[in-house]
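Written below as C-alpha cells is the structure these notes are about.
The values are calculated or read from the model by the stated rules, or taken from the named source; none is laboratory data. The shown structure was predicted, so the numbers you read here are calculated from the model rather than taken from an experiment. No Cβ is skipped: glycine too gets one built from the backbone with ideal geometry, and neighbour counts run over all protein chains shown.
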Amino acid sequence: MALVAATALHAGFQLVVTLVVYPAFADAPEERWTEHHAAHGRRIGPVVGVVYGALLVTAMAVLSSRVSVWTALALVATGAAFLLTALVAVPAHRALSPVREPEALRRLLLADRLRLLTALVAAAAALVAAV
C-alpha cells in the first residue's frame, strides 16, 4: 500500500503541475520572467523533494522483496519520471534561468507531459498490484 500511496501522491502532484503550474509558468510576462522563474524554483523545490523522496524511499523498500509484474511496471514508470526530470526538466530549467528560451521551455513542457503519463501509469500499476 505504501507504493500505491507514493505513486498516487506523485500522480496528483504531476496533475497539478501539468494542468495549473506550468501553464501559468509558460504565460509569465517576458519582462518578469527571471523573477517568476526564480520564485517558481523556490516554491516548488521543497514539494518536489517530498514527493520524489517518498517515491525513492518506497521504491527501495519494495525492491527488497519479490515484486509482481504490476509492481515492476510501477517501478519502471516511476524510474522513467525520475530520468525525465534529471535528463530533460532540470537542464531545461537551467537553460531558462537567466532568460526565457523558447526551445528550453518547449522541452520542459514536453517532459512534463511525459512525466504526467509515467506518473499515471505508475499509480495505476501500483493499484492493480495491491488488489
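Scanning the range 76-92 for residues that are within 21 Å of Ala130 (Cβ to Cβ) and either β-branched (Val, Ile, Thr) or touching a residue at least 40 places away in the same chain (Cβ under 8 Å) (or both) yields Val76, Ala77, Thr78, Ala81.
Condition check ((1) surrounded by 18 or more Cβ atoms within 10 Å (Cβ to Cβ); (2) farther than 22 Å from Ala6 by Cβ; (3) not basic (Lys, Arg)) across all residues:
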residue	(1), (2), (3)
Ala72	no, no, yes
Ala81	yes, no, yes
Leu96	yes, yes, yes
Glu101	no, yes, yes
Arg106	no, yes, no
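Could you tell me whether any residue of the range 113-130 is among the hydroxyl-bearing types (Ser, Thr, Tyr) and either more than 27 Å from His40 (Cα to Cα) or free of Cβ contacts under 8 Å to residues at least 40 places away in the same chain (or both)? No: zero hits.
Filtering the range 25-42 to residues that are over 17 Å from Pro91 (Cα atoms) and either among the hydroxyl-bearing types (Ser, Thr, Tyr) or outside any helix (DSSP H, G or I) (or both) leaves Asp27, Ala28, Pro29.
Table: residues versus (1) in contact (Cβ under 8 Å) with a residue 24 or more places away in the chain; (2) over 17 Å from Ala129 (Cα atoms); (3) not hydroxyl-bearing (Ser, Thr, Tyr).
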site: Ala6; (1), (2), (3): yes, no, yes
site: Leu9; (1), (2), (3): yes, no, yes
site: Gln14; (1), (2), (3): yes, yes, yes
site: His36; (1), (2), (3): no, yes, yes
site: Pro46; (1), (2), (3): no, yes, yes
site: Val51; (1), (2), (3): yes, yes, yes
site: Met60; (1), (2), (3): no, no, yes
site: Arg66; (1), (2), (3): no, no, yes
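Here are some residues: Gly49, Gly45, Gly12. Which one is within 18 Å of the chain's Cα centre (by Cα), more than 25 Å from Pro98 (Cβ to Cβ) and not β-branched (Val, Ile, Thr)? Going through Gly49, Gly45, Gly12 in turn, just one is within 18 Å of the chain's Cα centre (by Cα), more than 25 Å from Pro98 (Cβ to Cβ) and not β-branched (Val, Ile, Thr): Gly12. Which residues, taken from the range 59-70, are at pLDDT 95 or above and either under 12 Å from Thr7 (Cα atoms) or surrounded by 13 or more Cβ atoms within 10 Å (Cβ to Cβ) (or both)? Result: Trp70, single match.
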